[in-house]
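The values are calculated or read from the model by the stated rules, or taken from the named source; none is laboratory data. The shown structure was predicted, so the numbers you read here are calculated from the model rather than taken from an experiment. Glycine gets a Cβ as well: all are built from the backbone with ideal geometry, and neighbour counts include every protein chain shown.
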Amino acid sequence: MSVKSRKSGRGGILLVGCGKMGGALLAGWKKRRFNQSIAVVEPAPAPMPSGVKRHATADTLPKSFAPSAVVFAVKPQALAEVLPAYRRLADGGSVFLSIAAGKTLGFFARYLGEDAPVVRAMPNTPAAIGRGIAVACANAQVTAPQRALCNRLLAAVGEVGWVENEALLDPVTAVSGSGPAYVFLLIEALAEAGAAAGLPQDLAMKLARATVAGSGELARLAPEDAAQLRRNVTSPGGTTEAALKVLMAEDALAALLRRAVAAATERSRQLAD
């Protein structure tokens, strides 16, 4: 998949940070066979796919290297230290794509310059198996081709949505960015409840994992919405109805999730600077 950049001689992708999420993106790009060179800046020694060169620091990048996109996949707290090394690329030819939680477009402008085209995105960990979802927001300097390139880079590991209002990325982070942890906690809790009801622990965990995974896939593929799917399982006077009376009580699951998402949203805002 080839994307021509605005400037002659530009091309390639630079990935800064190759941890879990950066590694997932890299694997997705290689699987999709992007027809662009890929370089990685990652201090920790790590095996790289064929054709990908790892640099321990930005200092060893060739001076002539002018990537179409620079993707920042480092921890939010490390960005202030990392970004200055890449300001030289902020000449309008490279687009900067960040997946760091909380760091605003304004934050990047302070370190890369007001004219730097920047896209903020929040993916999630199912990207590791190509089933993630990311929501992105671009500043005014991002061109249509640059936005399309960023969309393709993110789509290599799952679905992509866009918002114009950057403030929406905080609740996006709380719902889908942090959301996998809530689902994993549900699996843990469901398995523990099954064990408490008398099931062997290994069987309880197997049932919980398969039930959550299968239900998620059904929700993804079924034409009905989640509420209808829930109703489809719930027979009047049956076991599911008895359980849902507990889970759907006024102060139960829905209220807990509202508080959890609100807490995560507020923390995302706090991480902004």
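Output the residues belonging to region 11-45 that are more than 13 Å from VAL71 (Cα to Cα) and either surrounded by 15 or more Cβ atoms within 10 Å (Cβ to Cβ) or not charged (D, E, K, R) (or both).
Answer for region 11-45, where residues must be more than 13 Å from VAL71 (Cα to Cα) and either surrounded by 15 or more Cβ atoms within 10 Å (Cβ to Cβ) or not charged (D, E, K, R) (or both): GLY11, ALA27, GLY28, LYS30, ARG32, PHE34, ASN35, GLN36, SER37, PRO43, ALA44, PRO45.
Check off (1) on the phi > 0 side of the Ramachandran plot; (2) out of contact with any helix residue (DSSP H, G or I) (no Cβ under 6 Å at 6 or more places or on another chain) for GLU114 and give me the number that stays unchecked.
(1)
Inspect all residues belonging to region 159-179 and state whether any of them is surrounded by fewer than 19 Cβ atoms within 10 Å (Cβ to Cβ), in a helix (DSSP H, G or I), more than 17 Å from the chain's Cα centre (by Cα) and free of Cβ contacts under 8 Å to residues at least 12 places away in the same chain.
No: zero hits.
Starting from region 228-244, keep only residues that are under 17 Å from LEU190 (Cα atoms), then list their pairs with residues that are hydrophobic (A, V, I, L, M, F, W, C) whose Cβ atoms are within a distance under 7 Å, requiring at least 6 positions of separation or different chains.
Every condition considered, the pairs that remain are THR240/VAL233.
So which residues in region 66-86 are surrounded by 15 or more Cβ atoms within 10 Å (Cβ to Cβ) and not small (Gly, Ala, Ser)?
Across region 66-86, the qualifying residues are PRO67, VAL70, VAL71, PHE72, VAL74, PRO76, LEU79, VAL82, LEU83, TYR86.
Output the qualifying pairs, or none if there are none: Cβ atoms under 7 angstrom, residues six or more apart or on different chains, first residue in region 59-81 and farther than 17 Å from ARG152 by Cβ, second residue at pLDDT below 90.
Close Cβ pairs satisfying both conditions: ALA66/GLY9; ALA66/ARG10; ALA66/GLY93; PRO76/ALA101; PRO76/GLY102; PRO76/LEU271.
So which strands (runs of 3 or more DSSP E) are wholly in region 1-106 and hold at least 2 residues that are at pLDDT 95 or above?
On the way: elements: 13-16, 38-41, 53-55, 69-72, 95-98.
Hits in region 1-106: 13-16, 38-41, 69-72, 95-98.
Being farther than 27 Å from ILE99 by Cβ and out of contact with any Asp or Glu (no Cβ under 9 Å at 6 or more places or on another chain) is the requirement here; does LEU218 meet it?
So LEU218 passes the test.
When you go through (1) farther than 17 Å from GLN146 by Cα; (2) under 22 Å from the mean Cα position of the chain (by Cα) one by one for VAL95, which number turns out not to apply?
(1)
Answer with yes or no whether GLU188 is over 21 Å from the mean Cα position of the chain (by Cα) and surrounded by 11 or more Cβ atoms within 10 Å (Cβ to Cβ).
yes
Given (1) surrounded by 15 or more Cβ atoms within 10 Å (Cβ to Cβ); (2) in the same structural domain as ILE99 (by TED's automatic domain parsing), where does ALA144 come up short, assuming only one miss?
Status for ALA144: all satisfied but (1).
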